[in-house]
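Structure, as structure tokens:
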Amino acid sequence: LPQAAAFLINHRYGCHYSPPRSLAALRATSTLDDPNIQHINQLLMDKKQELLDGLLDDPCKLNKQSPLSIVAADNDLRDAYLTTEQRVYETLLSSRLDLPFLNRAIVGPSEIEGAGRGLFAAEDIKEGDVITCYPGDALLCELPSTDEGGEGDPFDLEDDENEAVDEVVLWGRHVPKGDRWDDDTVFDGSKSSPPLTSYAVTMSDVYSVMGHPSLDDNPAYIGHFANDGAGHLAYEMPDSPRNIEASLELGLDTESSEFGVEDNIAAYVLKSFDVANAMHQPVDDDEFHMVTVAIRDIKKGEEILVTYGPDYWISDYAGHIADAEDDS
């Protein structure tokens, strides 16, 4: 996203825009300077070894801890193909570890109009420090399906026989059964809740993690409450007062006859990166957990903001339009 935004802005507007520090650089900083990264990684490795050792005593023990779909047929299908390695990975990704040392943030009313709740620093946080984890209360798993009668492995994303892609929702075992939503609510939301997919953050080509909005009392796992500080611009027309104001702040030519949707996207991207003070990233190359990391120093009481990217808002806006058409 930062590289794509830089290309659009640099080439369309003839100005130089440098995206935020690269993901690799952020990982290097947090690994060197924040001991919490090593602590989380060690706990994950210990948990992984515990899961593997448990198989020696009870081959079914891992199955009892790994995430499940509420649709029995999905579990039956996955049981036929899922390897031990994949099941261990899903279990770690969907687990909430005991991390009492990670107590740097709280959830409260957002300072952004219409955003609901937000994430705030409970103490001064240095650039590169882990703020909290982004929970995998539910996993969105892309499960490539074979043609009827085909013999392809649905977990092999490079299998040419796999064309259609089904999305399976897997719930972490720590989530109370009463809080596990049916698939329609996960993807479409309800009258009182947005879709759970609006909380999805991509971990890999196969998995996304989704934090549950009702699980908000553990400061070690509240990354899903971080808002996008410029998301409101994505919902407005290019000539709205707030978009014009943001565009002028960023030096865009609002008087041009060509000022339109692309300028709106550019204004959003620039503003979002400008106000963001954190980002979500895998804790390490094994991608067993997602964490929220400070990309600059954050003061106690400051709202923690990330950038969702234009694709998120385009998809979200399309969902609102579809809902409005259904209600009409």
**Request:** Kindly state, to the nearest 0.05, the FRET efficiency for residue 187 paired with residue 53, given R0 = 35 Å and r defined as their beta-carbon distance.
**Result:** 0.40
**Item:** Cross-link reach list, lysines versus residue 300, counting only Cα pairs under 16 Å and skipping chain neighbours closer than eight places
**Value:** 126
**Near-label residues of region 120-140 by backbone N, under 14 Å of a point 7 Å along Cα→Cβ of residue 41** = 130
**Prompt:** How large is ³J(HN,Hα) for each residue in region 47-58, as worked out from phi by the Karplus curve 6.51 cos²θ - 1.76 cosθ + 1.60 (θ = phi - 60°), to whole Hz, x for Gly and Pro?
**Reply:** 5, 4, 5, 4, 5, 5, 5, x, 5, 5, 7, 8
**Nearby lysines by direct alpha-carbon distance to residue 271 (threshold 21 angstrom, same-chain neighbours under 8 apart not counted)** = 299
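Can you order the peptides 107-114, 207-214, 135-142 by their average number of other Cβ atoms within 10 Å per residue, highest first?
Output ranking for 107-114, 207-214, 135-142: 135-142, 207-214, 107-114.
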**Request:** Starting from the Cα of residue 64, draw a straight line to each of the lysines and keep only those under 17 Å, dropping any in the same chain fewer than 8 residues away.
**Result:** 47, 48, 177
**Fill in**
Once both label points are put 7 Å beyond Cα along the C-beta direction, the residue 117-residue 285 separation in nm becomes 3.7 nm
**Prompt:** Applying the Karplus parametrisation 6.51 cos²θ - 1.76 cosθ + 1.60 with θ = phi - 60° to the phi angles of region 84-93, what ³J(HN,Hα) value in whole Hz is obtained for each residue in order, glycine and proline being reported as x?
**Reply:** 4, 4, 5, 5, 5, 4, 4, 5, 5, 5
**Message:** Please list, in order along region 106-115, the HN-Hα scalar couplings obtained from phi with the Karplus expression 6.51 cos²θ - 1.76 cosθ + 1.60 (θ = phi - 60°), rounded to whole Hz, x for Gly and Pro.
**Reply:** 9, 9, x, x, 5, 7, 8, 4, x, 8
**Complete:** Listed by chain and number, the residues whose amide H is under 5 Å from that of residue 297, excluding neighbours fewer than 5 places away on the same chain and using placed H, are 127
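Assign unit charges at the C-beta atoms only (+1 for Lys and Arg, -1 for Asp and Glu), then state the dipole size of region 28-116 relative to its Cα centre in Debye, rounded to the nearest 20.
Computed about the Cα centre, the dipole is about 80 debye.
Read-outs throughout are calculated quantities, based only on the coordinates presented, and are distinct from any laboratory measurement. Keep in mind it's a predicted model, so treat the numbers as computed, not measured. Quick reminder, even Gly has a Cβ in these numbers, built from the backbone with ideal geometry, and neighbours come from all protein chains shown.
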